[in-house]
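Down below is the structure, laid out as structure tokens.
Derivation of every value follows stated rules applied to the coordinates shown; laboratory data play no part. Since we're looking at a predicted model, the values are computed, not measured. Virtual Cβ from ideal backbone geometry, glycine too; neighbours counted across all protein chains shown.
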Amino acid sequence: MSDSSADTGESSNFIRDIIDADLASGKVSTVVTRFPPEPNGYLHIGHAKSICLNFGIARDYNGYCNLRFDDTNPEKEEQEYIDSIRRDVEWLGFKWHSNPFASDYFDQLYDYAIGLIKQGKAYVDSQSADEIRANRGTLKTPGVDGPYRNRSIEENLQLFEAMKNDEFADGEHVLRAKIDMQSPNINMRDPVLYRIRHVTHHNTGDKWCIYPLYDFTHGLSDAIEGVTHSLCTLEFEDHRPLYDWILDNLETPSRPEQTEFARLQLEYSLTSKRKLNALVTEGHVSGWDDPRMLTISGMRRRGFTPESIANFCDMIGITKKYSTIEMGVLETALRDDLNTRAVRRMAVINPLKVVIENYPEDQEEVFSGANHPQNPDYGSREVPFAREIYIERDDFMEDAPRKFFRLSPGREVRLRFACYITCKEVVKNAAGEIESLICTYDPESRGGSSPDGRKVKGTIHWVSARHAVAATVNLYDRLFTVPNPGAAQDFHQALNPDSRIVMDNAMLEPSIELTDNPLAYQFERLGYFISDYDSTSEKPIFNRTMTLRDSWAKIEQSR
RNA sequence: UGGGCCGUCGCCAAGUGGUAAGGCACCAGGUUUUGAUCCUGGCAUUCGUUGGUUCGAAUCCAGCCGGCCCAGCCA
């Protein structure tokens, strides 16, 4: 099994090394993992890293992975988030073994707490939150024992039951582990295990008025489920001694092991739930699924594929090192996948009319265009052609530099799949703006090559004016202008004002289809596009998923 | 001397005592009816730093430097 990572082409990492060793030593026979989100927000690209890790490991080692909702804080959790999380995990292509709530274990957890009390390892503390904080000490000074620390087991049992039986108000008491108030690790200074909260829980309703905290719940939930490898992010490293303490002091069905890895940080983006929420509620984006958001639902709407996200996760690896991934890595993972699957079409986003004066007004014909230049299995479609066409405004320059391969007065270009045209005249309006172009075509060049074999360096895309379908096209760019908006004093300052540009006069080739399950298209020379949810046949809307690599833009920039 | 963790190319990342994989980015060529794709070549005498051990060190030891996390009745 240790070479299973090689079988899937995935790179190994230190966690897979640990699993290989556990399997080899016989410590573990079936690998069980879990992805444990709190249902208090939408999943984002950072979660995708964890999902691919946990579900990927379960898949590669023939084990299984649970989707567990860590719902121990009833104040923040909602059904909307539960639904979206399930949808996103499924969309990413993963199947969970079971999908429990941590709250399903509240009864067992309560019994475990009693077990701790009976051993004299947990006690009810009646100090206020402020007093508890004060007695906890600081990072550099030890804490001190509180006045309730040595209550008898009997009294603790009575009090804890009374807490459960709704005999106290919020905050009157908490249950604490009795560990060591002088510990250098603050998490071990008698951590709170249960608090009183008179709040209706999305799953357990009003059954409980006491709720366990993460540290008490997590390891026990893992143990109940038979999780062998509990993978979490680096900030929980300090919690591992507590995770172990709980499991070492209680008899559980299994003994999971926690291992930490570095969370994802991506340039030009935010993954803080609080800040993502601010973007939504303040209206800087249209919602959690705005195509500019790196939420799973935003990326789906933008046109990312599950495969491209998995590719990305494979590319960045798993380590304990704090790192920031460049956007280029995500872009490459996306382009690689889209390049192989996207069907090619022509569309003009910013149209400039071209009249081919030597092409008869009442004539039209059809050219054949391959749906994919490298993959003949994709077949071809017919592309209608007539006297008036649209080309991209960017593909014409009145005073063009020598390295500009496109159209300019007197120069000849190839219309993709069609023929050669030469620009004869520029038509301007009163304001001096270019209104249209008058060109001639070479009838000998039908299909895109001429018998004399002359070289035409430039090939541009086009759409027949009479056959074109009008559409709106959303051009998306990164949401922030700085590599680390999360570090800015105010991330609002870093918002990119041009992150969305609406082109409402785009012209599409008529063979472009709108379906319920939208197809990834490449609009040739422009990028990858996908039909938006709001698209209708009367008013097609396309989102630009990603541009093509553009070495001409690079040359221009460096000039 | 609070505790924990981390430092290998611009960004990621293999490497587990035998003489620095790979990807992204970048540069230079080639193919091309997408300035796309694809292909070829280039890109760390050196692994935060200083010492030590060793025939041999990114890997072992010690010191130093730098970065991140922890004082919720959040997760």
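Between residue A:282 and residue A:553, take the C-beta separation as r, use R0 = 30 Å, and let me know the FRET efficiency to the nearest 0.05. So, using R0 = 30 Å, E works out to roughly 0.40. Using the Cβ of residue A:392 as centre and a radius below 11 Å, the other residues enclosed give a net charge of 0, where K and R count +1 and D and E count -1.
Multiply the residue separation of residue A:213 and residue A:466 by 0.36 nm, subtract the distance between their alpha-carbon atoms, and state the gained length in nm to one decimal.
Details: separation 253, 0.36 × 253 = 91.08 nm, distance 6.59 nm.
Gain on extension, residue A:213 to residue A:466, equals 84.5 nm.
Its convex hull of Cα atoms gives chain A a direction-averaged projected area, equal to a quarter of the hull surface, of 32.2 nm².
Across chain A, the mean sequence separation of Cα contacts (distance under 8 Å, 6 or more residues apart), normalised by length, yields a relative contact order of 11 percent.
Cβ crowding within 10 Å ranks A:555, A:15 as A:555, A:15, fewest other Cβ atoms first.
Exposure proxy ranking for A:377, A:180, A:248, based on other Cβ atoms within 10 angstrom of each Cβ and starting from the fewest, stands as A:377, A:248, A:180. Taking every DSSP helix (H) stretch of at least 4 residues in chain A, weighting each as -39,500 (n - 2.57) and dividing the sum by the residue count yields a mean residue ellipticity at 222 nm of -8000 deg cm²/dmol. Projected label points at residue A:21 and residue A:161, each 7 Å from Cα along the beta carbon direction, are separated by 4.6 nanometres. Of A:52, A:232, the sequence from fewest to most neighbouring Cβ atoms within 10 angstrom is A:232, A:52. By the beta carbon rule, with partners counted only under 4.7 Å, chain A holds these lone Cys residues: A:65, A:209, A:232, A:419, A:423, A:439.
Pairs to check: A:403/A:424; A:140/A:321; A:164/A:207; A:76/A:273; A:27/A:121. Give those whose C-alpha atoms are more than 18 Å from each other in this structure.
Values: A:403/A:424 20 Å; A:140/A:321 26 Å; A:164/A:207 10 Å; A:76/A:273 12 Å; A:27/A:121 28 Å.
As for pairs spanning more than 18 Å Cα to Cα, those are A:403/A:424; A:140/A:321; A:27/A:121.
Rounded to 0.05, the FRET efficiency of the residue A:249 and residue A:75 pair, given R0 = 30 Å and the Cβ-Cβ distance, is 0.55. Bridge orientation summary for region A:347-460: considering DSSP beta bridges with both residues in this region, about 75 percent are antiparallel. The residues neighbouring residue A:500, those whose beta-carbon lies less than 15 Å from its own, together hold a net charge of -2 under the Lys/Arg +1, Asp/Glu -1 convention. Counting charges near residue A:90 (Lys, Arg +1; Asp, Glu -1) among other residues having Cβ under 13 Å from its Cβ returns a value of +2. Using the Cβ-Cβ distance between residue A:405 and residue A:321 with R0 set to 41 Å, the FRET efficiency works out to roughly 0.40. Note on residue A:98 and residue A:14: the extension gain reaches 27.6 nm, defined as 0.36 nm multiplied by sequence separation minus the Cα-Cα distance. Measuring nothing but how far apart in sequence close Cα pairs (under 8 Å, 6+ apart) lie, relative to its length, region A:105-212 scores a relative contact order of 27 percent.
How many percent of DSSP beta bridges within chain A run antiparallel, rounded to 5?
On the way: 54 of 78 bridges.
Here the share of antiparallel DSSP bridges comes out near 70 percent.
By the equivalent-ellipsoid construction on the alpha carbon gyration tensor, region A:347-460 comes out with semi-axes of 24, 16, 15 Å, ordered largest to smallest.
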